[in-house]
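Here the structure is laid out as structure tokens; the discussion comes afterwards.
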Amino acid sequence: MYNMNIRKTLTLITSLSFLCSGEAAVSIDSAPLKPRLVVMTDIGDCNVEPDDMESAVRLMSYADCFEIEAIMTTVGWNCDPYPEEWVENLNKVVDAYSKDVKNLMRRSSQVTFLPLEKESIKQEIGYWPSVEYIRSRVMLVATKPG
């Protein structure tokens, strides 16, 4: 009975480590890859909900730690449909990132950006994505699903 429980536990640990050893795992011959992230936000006017703008700014300041798959502006708790002009608030954050990314890159040894096609495949931790890449990930989801 004892050996059977140990065997089951080791099998479970092995299975979990296999499942979790995807792209974010450290490899001997390459740098670790960024964990992928999808962000949904009801970012609005700073005078209405400043916390969403602040969260978007913080996301951009840590863009070297996460592979941003999508940033979706979507319905919040108090408005449906989402006012399409509010997506401009997210664009303001991306515009600010475009001005600051060269300074942010000083944190790493990065001096240039990968071509957009390569950025879209995988990114290593410490890599700052291009503004083109970030803009290609911004999308509007205007209404509640269903």
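The values are calculated or read from the model by the stated rules, or taken from the named source; none is laboratory data. Treat the numbers as computed from the prediction; the structure is a model and nothing was measured. Virtual Cβ from ideal backbone geometry, glycine too; neighbours counted across all protein chains shown.
Here are some notes:
- Some residue of segment 74-81 being within 21 Å of M139 (Cβ to Cβ), outside any helix (DSSP H, G or I) and of a type in the set (F, W, Y): yes
- Answer residue from segment 36-57, given it is charged (D, E, K, R) and either assigned to a loop (DSSP other than H, G, I, E, B) or closer than 20 Å to R135 by Cα (or both) and is modelled with the highest pLDDT among those: R36
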